[in-house]
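Let me begin by presenting the structure, written as C-alpha cells, before commenting on it.
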Amino acid sequence: MAESAIVSRHLRALWACPGTELGVVGWPATKRERAFVTWHYWWQAHLIDCAVDAANRAPTSVRRKRIGELVRAHRIRNITGWTNNYYDDMAWLAIALERAERTQGITEARGALVALEKKLYEAWNPEAGGGIPWRVRADYYNAPANGPAAIALNRLGRHTRAQEMADWLDATLRDPGTGLILDGIHLPSGVIERPTFTYCQGVVLGVETELAMHTGAERHLERVHRLLVAVEDQMTAGGVIKGGGGGDGGLFNGILARYLAVVAMMLPGEDRQQVADRQAAAAIVRASATAAWANRLEVEGEPLFGADWSKPAQLPGGTAGAGYFTTGGSVTSSKVPERDLSVQLSGWLLMEAAYQVSAAGL
C-alpha cells in the first residue's frame with residue numbers, strides 16, 4: 001500500500017516522454033513540480049531504491065519495467081549526464097543503480113555506475129585530511145557524503161577505499177561523548193559541525209556492517225554495537241525512530257530504518273552481542289513501522305505517512321507552503337511536511353525494511 005500510494009500520487013512521465021517515470025516532489029503538486037522544474041536528484045535516487053525493494057519483494061514485469069523507466073527519466077532530467085556537483089547525491093544514485101543491476105539485471109545502469117564510481121573514488125582527499133567533500137571544490141567533508149559513498153564503493157568492489165572511509169568517519173566524526181556520528185568537518189581548518197542526524201547514523205551502521213561481513217575485522221563489529229546503543233538511547237522514543245521533519249529531512253528516518261534492516265539481516269557473528277545487536281536493530285524497525293502505520297492517514301484508500309512516525313499524520317491543505325531550495329543547496333520542508341515526496345518515501349522505505357526483517361523471522 002505504501003508503494004501504491006507513491007505510484008498513484010507522485011509518479012508521472014517526464015515531459016510526456018514515453019518509457020519514463022519520475023517522482024513529483026509534492027502532493028498536491030504545484031505547476032513547477034508537475035513540470036519537473038524542481039525534481040531533487042537524491043530524492044529520485046531513493047525512489048529508485050524503493051522500486052528495487054518492491055521488485056525484490058514481489059517480482060513482476062510491471063515493477064521491473066518501472067525501475068527502468070525511473071532510471072531513464074533520471075538521466076534525461078539531469079540533462080548533463082549521470083553525475084552532478086554533489087558527492088552525496090551521486091553516492092545515493094550509485095547505491096540504487098548498483099542494486100538495480102545486481103538484483104534486477106537493469107543493464108542501462110552500467111554506464112552510470114562507471115561514471116559514478118570514478119567520481120566517488122577520485123574525490124578521496126588525503127592531502128586535506130581524508131574523506132570526500134560534500135560537493136565539488138567544497139571544504140566541508142561530511143558523513144552524508146562519506147557514508148553512502150563508502151557503501152557504494154564497497155558494493156562496487158572498492159573494499160580498501162570503503163574501509164579507509166569508514167575508518168576516517170570513526171576517527172573524525174564520532175562524538176566520544178554521545179557515541180553518535182556528527183555531521184561534518186571543515187578541512188583543513190578542522191572546524192566540526194556538530195548536529196547529529198538519523199541518516200548519518202544509518203549510513204555508518206550500513207557500511208560498518210558490510211565491512212564486518214567482507215573483512216571479518218573485529219573493529220567493524222564493535223563500531224556497529226557502539227553506534228546501535230547510541231541510536232537506541234538518543235534517536236528513538238519508545239523504540240520508535242524520532243521524527244526528522246520534511247524537505248531533505250523527510251528522508252533521514254527512512255534511511256536509518258533501511259540500514260538498521262541491513263544490520264538485522266547481515267551483521268555476521270553468533271556471539272551473544274551480535275545476536276542481540278541484530279535483534280535490537282530489527283526491533284527498532286518493527287516498532288517504527290507499527291507506529292507509522294497506526295498514525296497514517298487513509299486518503300482515497302491509500303496511506304499518507306506522517307513526518308513523525310509517533311504522531312498522527314497531517315493532511316496537506318493544498319499547494320501553498322511548498323518547500324524550496326536554500327542558497328546552501330538543501331531543500332526546506334513544506335509547511336505541512338506530509339506533502340513532501342521525501343516524507344512519503346521514508347514511509348515506503350520503512351515498510352520495505354519492516355517486511356525484510358519480518359520475512360526473515362526477526
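The values are calculated or read from the model by the stated rules, or taken from the named source; none is laboratory data. In this text the structure is predicted, and so the values were computed from the model without any measurement. In this analysis, Cβ positions are derived from the backbone assuming ideal geometry, glycine residues included, and neighbour counts consider all displayed protein chains. Calculation scope for accessible area: heavy atoms of the full protein, side chains included, ligands and nucleic acids excluded. Shrake-Rupley method; radii C 1.70, N 1.55, O 1.52, S 1.80 Å.
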*Long-range neighbours under 8 Å by Cβ, at least six apart or interchain, first residue without any contact (Cβ under 8 Å) to a residue 60 or more places away in the chain within segment 247-260, second open to solvent by 10 Å² or more (accessible area, probe 1.4 Å)*: 256/198; 256/199; 256/235
*Could you run through segment 326-350 and say how many residues are under 19 Å from the mean Cα position of the chain (by Cα) and open to solvent by 40 Å² or more (accessible area, probe 1.4 Å)?*
2
*All positions within segment 125-134 that are open to solvent by 30 Å² or more (accessible area, probe 1.4 Å) and within 21 Å of the chain's Cα centre (by Cα)*: 134
*Taking residue 76 and the conditions (1) under 20 Å from residue 330 (Cα atoms); (2) hydrophobic (A, V, I, L, M, F, W, C); (3) in contact (Cβ under 8 Å) with a residue 60 or more places away in the chain; (4) open to solvent by 20 Å² or more (accessible area, probe 1.4 Å), which numbered condition does it fall short on, given that it satisfies the others?*
(1)
*Would you please list the contacts, defined by Cβ atoms under 6 Å and residues six or more apart or on different chains, that run from a residue in segment 294-306 that is within 11 Å of residue 338 (Cβ to Cβ) and open to solvent by 50 Å² or more (accessible area, probe 1.4 Å) to a residue that is assigned to a strand (DSSP E or B) and aliphatic (A, V, I, L, M)?*
297/304
*Kindly establish whether residue 108 is over 18 Å from the mean Cα position of the chain (by Cα) and open to solvent by 10 Å² or more (accessible area, probe 1.4 Å).*
yes
*Taking the residues in segment 279-293 that are crowded, with 24+ Cβ neighbours inside 10 Å and of a type outside the set (Gly, Ala, Ser) as candidates, determine which candidate is farthest from residue 349 (Cα to Cα).*
284
*Has segment 88-95 got at least one residue that is open to solvent by less than 50 Å² (accessible area, probe 1.4 Å) and at pLDDT below 95?*
no
*Within segment 135-245, which strands (runs of 3 or more DSSP E) (wholly inside it) include 1 or more residues that are surrounded by fewer than 24 Cβ atoms within 10 Å (Cβ to Cβ) and over 21 Å from the mean Cα position of the chain (by Cα)?*
184-186, 191-193
